[in-house]
Amino acid sequence: MAAWNLPCEVASWITQMAFVLDYRIAWRLLPLLVGALFSQGRRTVASWLRGGELGDDFRLYYYFLGSLGRNVKNVAGVLFRIAVRVLVPDDRLLLAIDDTPTKRYGPLVEGAGIHHNPTPGPAEQKFLYGHVWVTLSWVVQHGWWGTIGLPLLAMLYVRQKNLPSIAPWYKVKFQTKLEQAVGLVEWAVQALVGLEKTLWIVADGAYAKLPFLRSALALGVVVVSRLRRDAALWSVPPIVPPGKRKRGKPRLYGKDKISLAKRAGHRHGWQVGDFELYGVKVRKKYKTFLATYKPVGGVIRVVLVKEAHAWFAYFCTKADASVQEILEAVADRTAIEQNFHDLKDVHGAGQQQLRNYWANIAAYHVTLWWHTLIELWAWKKPQTKLSDRSASPWDDANRRPSHADRRNALRRQCLEIEFQREGVAALIPRKIRRVWKRLLKLVA
């Protein structure tokens, strides 16, 4: 069976991920992931089973998804450490947190509800029915292809009014998105225990609130996010020498209130710098200063950026962070948005149409993990091995391979391994081998 012939490193990674599962069912992770890789058409679990030729035991694999959903944190932790070992990053790791919805159908889907639609489209659909996933991705820099996101773990957000749709013996408790984001940060810190890495978290402005900020800082991570234009900022209190300090605790916040609008509207104080953002070098006009912010409970570094049409404010909880570090982190946050696009369009996240709560969690994580595994496999591969645009002369031949290109390259290599394994490649005439290569491009 062609689907079983994964490259050795990919098969080894999946085997390591399965070690944290119960030994009686752990072996099912590899064939299930292989089936997801070779599925065709609508990416339902049934298509996964057809892709892996697992139809004879289809009931057992549906049960396996429920068990896998309860252990996604342990499996994702193994994958995270594998990724760190393969990519060998520096001391700072940048993680991105955001949420995305997946449309579902049917009233009996556990955990599904009506949510805000971030992409209403031409029909202007303000709401959709489905699941919302608070997702954590590791943002890395590739030497050739720029910023790439590696999704690792997600938590299913269920509105409090939709909790009755979940069986009570699952013991699912209501959590806000901010609480789930804190849980993802806690998981990341625990997954990297002993590696002595500094974690930076970049999140959308919706997560820049006290419940998330205070908890993240208590875990020792650095947070970068967008700042509201009407944020209540205060000046930094003066440093009092020890001999002149009065009784009581020293002041945490200054006496003067800072208005971002006034700072941005003032003509003086602007600086110009060159930064590499979104893969290109750009010149930005900015202001930076220190302030105290009550949701953080102390001093933050504020950066105002003036664009042609408006100004934007960002902050970092590390007071001595440079403007370049802050703006690069904000720009790199777009990697998780690209992840959401690839997960839905390439891997079919949300198309599995399962009803069980834990099975839905497992199915979403299968798409997350395949995205990361494919990126790790393709990390050191040259562009010529991953994409061939000779049949598309109108396309840019130097454009970086898309995630779909890398996925198809992995599938082609699996089929080539199968072709070579049978030991008949040398016996087949050259014309037939050329036809085989043409068919291979059509299939993958």
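The values are calculated or read from the model by the stated rules, or taken from the named source; none is laboratory data. None of the values given here were measured: they were computed from a predicted structure. Glycine also receives a Cβ, built like all others from the backbone with ideal geometry; neighbour counts cover every protein chain displayed. For the accessible areas, the whole protein counts, side chains as well, though only heavy atoms, and no ligand, DNA or RNA atoms are used. Shrake-Rupley method; radii C 1.70, N 1.55, O 1.52, S 1.80 Å.
Structure summary
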read-out	value
Condition met for Trp138 (open to solvent by less than 10 Å² (accessible area, probe 1.4 Å) and within 21 Å of Leu354 (Cα to Cα))	no
Those residues of region 314-326 which are open to solvent by 30 Å² or more (accessible area, probe 1.4 Å), in contact with a strand residue (DSSP E or B) (Cβ under 6 Å, 6 or more places away or on another chain) and not in a strand (DSSP E or B), in sequence order	Lys318, Ala319, Gln324
Which numbered condition Tyr364 misses (of (1) in a helix (DSSP H, G or I); (2) open to solvent by 60 Å² or more (accessible area, probe 1.4 Å); (3) modelled with pLDDT of 90 or more)	(2)
Top-ranked residue of region 188-215 - restricted to ones that are farther than 16 Å from Asp99 by Cβ, among the small types (Gly, Ala, Ser) and in contact with a helix residue (DSSP H, G or I) (Cβ under 9 Å, 6 or more places away or on another chain), ranked as most open to solvent (accessible area, probe 1.4 Å)	Ser215
Region 116-144, residues that are among the charged types (D, E, K, R) and on the phi > 0 side of the Ramachandran plot	Glu124
Per-region count, region 65-83, residues closer than 15 Å to Arg355 by Cα, surrounded by fewer than 21 Cβ atoms within 10 Å (Cβ to Cβ) and in contact with a Leu (Cβ under 8 Å, 6 or more places away or on another chain)	1
Tabulated pairs, region 257-282, first over 27 Å from Ala335 (Cβ atoms), second surrounded by 13 or more Cβ atoms within 10 Å (Cβ to Cβ) and among the polar types (S, T, N, Q), C-beta under 7 angstrom, 6+ apart or interchain	Ile258/Ser235
Residue in region 99-107 that is assigned to a loop (DSSP other than H, G, I, E, B), surrounded by fewer than 16 Cβ atoms within 10 Å (Cβ to Cβ), without any contact (Cβ under 8 Å) to a residue 12 or more places away in the chain and among the aromatic types (Phe, Trp, Tyr) present	no
Scope region 283-298; condition charged (D, E, K, R) and in contact (Cβ under 8 Å) with a residue 24 or more places away in the chain; matching residues	Lys284, Lys287, Lys294
Some residue of region 345-352 being assigned to a helix (DSSP H, G or I) and either more than 18 Å from Ile97 (Cβ to Cβ) or out of contact with any Cys (no Cβ under 9 Å at 6 or more places or on another chain) (or both)	yes
Which listed residue, of Ser67, Ser12, is among the hydroxyl-bearing types (Ser, Thr, Tyr) and more than 26 Å from Lys171 (Cβ to Cβ)	Ser12
Matching entry among Trp187, Trp200 (being touching a Lys or Arg at 6+ places or on another chain (Cβ under 7 Å), of a type outside the set (A, V, I, L, M) and not in a helix (DSSP H, G or I))	Trp200
Tyr278, sole failed condition from (1) modelled with pLDDT under 95; (2) aromatic (Phe, Trp, Tyr); (3) open to solvent by less than 60 Å² (accessible area, probe 1.4 Å)	(3)
Failed item, numbered, when Arg301 is tested on (1) under 19 Å from Pro238 (Cα atoms); (2) open to solvent by 60 Å² or more (accessible area, probe 1.4 Å); (3) in contact (Cβ under 8 Å) with a residue 24 or more places away in the chain; (4) among the basic types (Lys, Arg)	(2)
